[in-house]
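Worksheet for the structure shown next.
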Amino acid sequence: MAVGTFTPGSGGNGIVVTRRRPGHFVALTEDGRIDAILAQGGVKLPDALEKRAAINVTNAQQCPNDLSKPLAPAPGVKSVDPYDISIVMPAEDGEPVVSDADRDAWAKFRVAYDVTLEATPFKVSGVLLLLPSQDPLSLTERGTELFLPVFSPVVQLGTLTLRDTPRDAILVNRSHMRRVNATRRR
């Protein structure tokens, strides 16, 4: 049952993630960005986040979300609380947040929506792939998944478009979503 056409990764904006370093990610919070590596090897970032407990990290660096200052070592950051994260994405050399197999299956069996989400202080535009029974306008309500993948994302902070957003997918924290505008793709 194909419910629509969507070719993930076909967006023209953002970086191409080269995926050499497992667990390397960037977390965007209201206070700034954290660039770090999952301390526990063999665990996928989405799985670690969905446990809803602080995740241990190594090699943490911090800077403002707008990259107005360079990343600086943050030796005091040993863990990150998923509830503090608005958006999480792979670092340029990190692993994807959605596997190719999952992405392909979702593109065939889920309904595609063009969305704009407000996840304080960010505005995210892209494509959401939802089950036919899911209503995109109910995403701000409590759900079983804390993070939702947004494909072909564009992330804005005020009037600034973040240029280091990967082309394929990011994860947006549902608990930070304040507004959802969605249109079903045809």
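Test Leu28 against the stated conditions and say whether it is at pLDDT below 95, within 14 Å of the chain's Cα centre (by Cα) and crowded, with 21+ Cβ neighbours inside 10 Å. Spell out the reasoning first.
Values: at pLDDT below 95: no; within 14 Å of the chain's Cα centre (by Cα): yes; crowded, with 21+ Cβ neighbours inside 10 Å: yes.
Spelling it out, it is not the case that Leu28 is at pLDDT below 95, within 14 Å of the chain's Cα centre (by Cα) and crowded, with 21+ Cβ neighbours inside 10 Å.
All of (1) more than 14 Å from the chain's Cα centre (by Cα); (2) assigned by TED's automatic domain parsing to the domain that holds Asn56 hold for Tyr83 with one exception: (1).
When Asn65 is tested against (1) surrounded by fewer than 16 Cβ atoms within 10 Å (Cβ to Cβ); (2) not in a strand (DSSP E or B), exactly one condition is not met: (1). Has the stretch 147-158 got any residue that is without any contact (Cβ under 8 Å) to a residue 40 or more places away in the chain, under 30 Å from Gly41 (Cβ atoms) and not β-branched (Val, Ile, Thr)? Yes, the stretch 147-158 has at least one match.
Looking across the stretch 104-124 at every residue that is touching a helix residue (DSSP H, G or I) at 6+ places or on another chain (Cβ under 9 Å) and hydroxyl-bearing (Ser, Thr, Tyr), the one that is surrounded by the most Cβ atoms within 10 Å (Cβ to Cβ) is identified as Tyr113.
Search the stretch 98-115 for residues that are farther than 14 Å from Pro153 by Cα and pair each with any residue that is basic (Lys, Arg) when their beta-carbon atoms are under 9 Å apart and the residues are at least 6 apart or on different chains. If the second residue must be basic (Lys, Arg), the pairs left are Ser99/Lys44; Val111/Arg184; Val111/Arg185.
Would you list the strands (runs of 3 or more DSSP E) that sit entirely within the stretch 80-162 and hold 1 or more residues that are out of contact with any Gly (no Cβ under 6 Å at 6 or more places or on another chain) and charged (D, E, K, R)? Talk me through it step by step, then tell me what you get.
Working: elements: 85-90, 111-119, 122-130, 147-157.
Correct list: 111-119, 122-130.
Annotation: Arg178 fulfils all but one of (1) within 15 Å of Asp114 (Cβ to Cβ); (2) part of a strand (DSSP E or B); (3) over 15 Å from the mean Cα position of the chain (by Cα); the unmet one is (1).
The values are calculated or read from the model by the stated rules, or taken from the named source; none is laboratory data. Everything numeric in this text was worked out from a predicted model, so none of it was measured. As a convention, Cβ positions derive from the backbone with ideal geometry for all residues, glycine included, and neighbour counts pool all protein chains shown.
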